[in-house]
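Participant: Here it is, the structure, as structure tokens.
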Amino acid sequence: MENTRYDYSPIIARKPFKLPNQAKVAVWVIPNIEYFDIGLPLPSTMVSKQIAPDVKNYAARDYGTRIGIWRLMEVLDKHSIKATVALNSGVCDHHPVIIEEGKKRGWEFMGHSVTNSMHLHGLTRSEERQVITSTLDTIAQAVGERPRGWLSPGLSETFNSPDILAEEGVKYLCDWCNDDQPYPMRVKKGSLISIPYSIDINDIGIFIEHHLTPNQFYEIVKDQFDTLYQEGSNQARIMAIALHPFIIGAPFRIGWLDKALQYIKSHNDVWFATGWEIAGWYYDNYMGAERS
């Protein structure tokens, strides 16, 4: 089955992609702030059979909203970085103080479904639309602005997802981790672009799946940035740093994120941006008036 959502585009054949003020790299930081239903099995549980309640894994994730997120906020505040939150709308109902603190900081909130206890796979079109609409409506009510971006829980999609998202007013999607630059996606109605997210510079992969150390996390982020920065002289690049407060917010890890951000900020020609700032720039400069 052929993928018809976008064209194949080798980067060596592209026209130069530019960012504001001739930045070589746009860096966006994406905390995944999630809500888990204790009555449902966790999607990435570490036991052989999914069970509920899975106290060990539920409590580990709950640490993120109780402790980890506040450490993460302190580090981002230190570096004057506005985050783009991939937000389960369940957080709006159960942990509203996190929303209020994010709003104080001017953070952007994009849709991340209702709860990460349930993925989109297997949903009918009507079921999926209900989940997406409910997510966007709940976040809009809590934040005061309807999300323009979307990250599916576990990067799970159906064949209908991009069309439904575009119909519901979402302008950028982050599930397709296949590029270092934004690009347009084909949808039945409206417009939708993909902007680079990362499963490599992602604390779940680095710490949970590959069991690497905080120092190795720092070196990976540094090496990723160095390559994109060098390449960005000719073709500007986007660097995503995907984080989960229950992971990066641990006491022995948070300092290495601080060091990584300090290293990146020591360079000129770097644009720390939100998801919509990147997407909006692309719409305005590469897709005309289709951002509205």
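The values are calculated or read from the model by the stated rules, or taken from the named source; none is laboratory data. Bear in mind that the values here come from a model prediction, so they are computed numbers and not experimental data. Cβ placement follows ideal geometry from the backbone for every residue including glycine, while neighbour counts extend to all protein chains displayed.
Participant: With respect to S117, is the statement that it is surrounded by 18 or more Cβ atoms within 10 Å (Cβ to Cβ) and at pLDDT below 95 true?
Facilitator: Working: surrounded by 18 or more Cβ atoms within 10 Å (Cβ to Cβ): yes; at pLDDT below 95: yes.
Taking the combined requirement at face value, the residue satisfies it.
Participant: Take the conditions in contact (Cβ under 8 Å) with a residue 24 or more places away in the chain and acidic (D, E) and apply them to E100. Does it pass? Reasoning before the result, please.
Facilitator: Numbers: in contact (Cβ under 8 Å) with a residue 24 or more places away in the chain: no; acidic (D, E): yes.
Judged against the criteria, E100 is not a match.
Participant: List pairs: first residue in segment 6-24 and in contact (Cβ under 8 Å) with a residue 24 or more places away in the chain and on the phi > 0 side of the Ramachandran plot, second residue surrounded by 10 or more Cβ atoms within 10 Å (Cβ to Cβ) and of a type in the set (D, E) anywhere in the structure, Cβ distance under 9 angstrom, at least six positions apart or on different chains.
Facilitator: N21/D269; Q22/D269
Participant: While we're on this one: Pick from segment 255-292 the residues that are more than 14 Å from I206 (Cβ to Cβ) and of a type in the set (A, V, I, L, M): which of them is surrounded by the fewest Cβ atoms within 10 Å (Cβ to Cβ)?
Facilitator: Start the filter on segment 255-292 by keeping residues that are more than 14 Å from I206 (Cβ to Cβ), which leaves 255, 258-259, 261-292.
Subsequent filtering for residues that are of a type in the set (A, V, I, L, M) retains 261, 264, 270, 273, 278-279, 287, 289.
Details: L261: 20, I264: 22, V270: 21, A273: 23, I278: 26, A279: 26, M287: 14, A289: 8.
Going through the qualifying residues, I end up with A289.
Participant: Oh, and also: Please go through (1) under 21 Å from A23 (Cβ atoms); (2) in contact with a Pro (Cβ under 8 Å, 6 or more places away or on another chain) for W256 and return the number of the only condition it doesn't satisfy.
Facilitator: With respect to (1) under 21 Å from A23 (Cβ atoms); (2) in contact with a Pro (Cβ under 8 Å, 6 or more places away or on another chain), W256 is out only on (1).
Participant: Across segment 158-183, what is the total count of residues that are in a helix (DSSP H, G or I), of a type in the set (G, A, S) and either within 14 Å of the chain's Cα centre (by Cα) or farther than 14 Å from L120 by Cβ (or both)? Spell out the reasoning first.
Facilitator: Filtering segment 158-183 down to residues in a helix (DSSP H, G or I) leaves 161-167.
Then keep just the ones that are of a type in the set (G, A, S); that gives 161, 166.
Checking which are either within 14 Å of the chain's Cα centre (by Cα) or farther than 14 Å from L120 by Cβ (or both) leaves us with 166.
So the answer is 1.
Participant: Which of the residues belonging to segment 154-195 are aliphatic (A, V, I, L, M), over 19 Å from A240 (Cα atoms) and touching an Asp or Glu at 6+ places or on another chain (Cβ under 7 Å)?
Facilitator: Within segment 154-195, I164, V187 qualify.
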